[in-house]
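I have placed the structure first, in the form of structure tokens, so that the comments after it can refer back to it.
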Amino acid sequence: MKRSLIGRLWPNATAVVLFVVFAFPVYWMFATAFKPTGDIIAEDPVFFPTDATLEHFKEAVNADHFWTLVGNSVTVTVVSVLLSLVIALLASFALARMRFKGRRGFILTFMIAQMAPWEVMVIAIYMIVRDADLLNSLVSLTFFYMVMVLPFTILTLRGYVAAVPKELEESAMVDGCTRTQAFTKVIFPLLAPGLMATSLFGFITAWNEFPMVLILNKNAEAQTLPLWLSSFQTTFGDDWGATMAAASLFAVPILILFVFLQRKAVSGLVSGAVKG
């Protein structure tokens, strides 16, 4: 009895400890955003803001080019995710359903591309974008983000397509559907969890990306929100209140998206990881 109680207790206790460790920085960020400046710089930490204020949020929203950067981030992120999903959906279907020469090498190439750090290609990417006259352009960022998330998206969706019984597609074709109709009417609706998982990953990756936009887009009006977060660091020090307010605003879209998509995203990642 005692052993069984201990066996149930320590995993739960470990989960609680891990939750506190990972959740506390998020709580501290949001709490600091609402604290008056005096509480932020106080010698003794204030864990629960008593005199909440919105001044830091006003300062963050009124920063230069804020709404322009919001539009840039939303545009680049949404377009790159949609493009990667369209391309990956077609590629994953071909890799899961068709047998052709070089298929294994093609899959291996995507795995290697997924493992390789993008930082090693910064100079090459910069030279290509410069020669194409696409510096300070959202087009280059959109294309780069799409390519960055494409290997993971293809590999995950391939596993999910492979998990769908081929007999469903064949039955639809026997009933008179073309291959395209069988895919759109039978296979595609069953891929919702996989699409949710990959779109969530792509959104987070593109939304948070910092180094490439710093290198490619020097023009302030062509930048995105990650660079906006660094604008509250001055030669006189860090404005922690505004920084935490800006970080909170920056994190809200991801948190909302994750809350709505978490169940389908988790099931999609698991299925894509173990099938095919």
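The values are calculated or read from the model by the stated rules, or taken from the named source; none is laboratory data. Source: prediction; values computed, not measured. No Cβ is skipped: glycine too gets one built from the backbone with ideal geometry, and neighbour counts run over all protein chains shown. Heads up: the accessible areas ignore ligands, DNA and RNA and are worked out on the full protein's heavy atoms, side chains in. Shrake-Rupley method; radii C 1.70, N 1.55, O 1.52, S 1.80 Å.
Might you check whether a residue that is open to solvent by 60 Å² or more (accessible area, probe 1.4 Å) and in contact (Cβ under 8 Å) with a residue 12 or more places away in the chain occurs anywhere in region 155-166?
The answer is yes; a qualifying residue exists.
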Can you confirm whether PRO193 is over 30 Å from ASP64 (Cβ atoms) and either in contact with a helix residue (DSSP H, G or I) (Cβ under 6 Å, 6 or more places away or on another chain) or among the polar types (S, T, N, Q) (or both)? yes
_Condition first: surrounded by 10 or more Cβ atoms within 10 Å (Cβ to Cβ) and not in a loop (DSSP other than H, G, I, E, B). Can you find one or more residues in region 38-51 that meet it?_
yes
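Mind listing whichever residues of region 190-223 are of a type in the set (D, E, K, R) and open to solvent by less than 40 Å² (accessible area, probe 1.4 Å)? Give the derivation first.
If we filter region 190-223 for residues that are of a type in the set (D, E, K, R), which is where we start, we get 209, 218, 221.
The one that is of a type in the set (D, E, K, R) and open to solvent by less than 40 Å² (accessible area, probe 1.4 Å): GLU209.
Would you point out the residue of region 84-102, among those that are open to solvent by less than 70 Å² (accessible area, probe 1.4 Å) and without any contact (Cβ under 8 Å) to a residue 60 or more places away in the chain, that is nearest to ILE204 (Cα to Cα)?
Taking region 84-102 first, the residues open to solvent by less than 70 Å² (accessible area, probe 1.4 Å) are 84-85, 88-89, 91-97, 102.
When the remaining residues are screened for being without any contact (Cβ under 8 Å) to a residue 60 or more places away in the chain, the result is 94, 102.
Numbers: ALA94: 26, GLY102: 32 Å.
Across region 84-102, the extreme among qualifying residues is ALA94.
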Filtering region 224-252 down to residues that are open to solvent by 40 Å² or more (accessible area, probe 1.4 Å) and under 22 Å from VAL78 (Cβ atoms) yields LEU229, LEU249, VAL252
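Check whether at least one residue in region 169-189 is among the hydrophobic types (A, V, I, L, M, F, W, C), touching a helix residue (DSSP H, G or I) at 6+ places or on another chain (Cβ under 7 Å) and open to solvent by 50 Å² or more (accessible area, probe 1.4 Å), and report yes or no. Quick ask: steps written out before the conclusion?
Initial filter on region 169-189 (among the hydrophobic types (A, V, I, L, M, F, W, C)): 172-174, 177, 182-183, 186-188.
When the remaining residues are screened for being touching a helix residue (DSSP H, G or I) at 6+ places or on another chain (Cβ under 7 Å), the result is 172-173, 177, 182-183, 186-187.
With open to solvent by 50 Å² or more (accessible area, probe 1.4 Å) added as a condition, the list becomes 173.
Yes: region 169-189 contains one or more residues that are among the hydrophobic types (A, V, I, L, M, F, W, C), touching a helix residue (DSSP H, G or I) at 6+ places or on another chain (Cβ under 7 Å) and open to solvent by 50 Å² or more (accessible area, probe 1.4 Å).
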With criteria (1) more than 16 Å from the chain's Cα centre (by Cα); (2) at pLDDT 85 or above, GLY272 comes up short on (2)
- Task: Return yes when ASN12 is exposed (fewer than 10 other Cβ atoms within 10 Å of the Cβ) and either under 21 Å from the mean Cα position of the chain (by Cα) or over 30 Å from GLY194 (Cα atoms) (or both) and no when it is not.
- Result: no
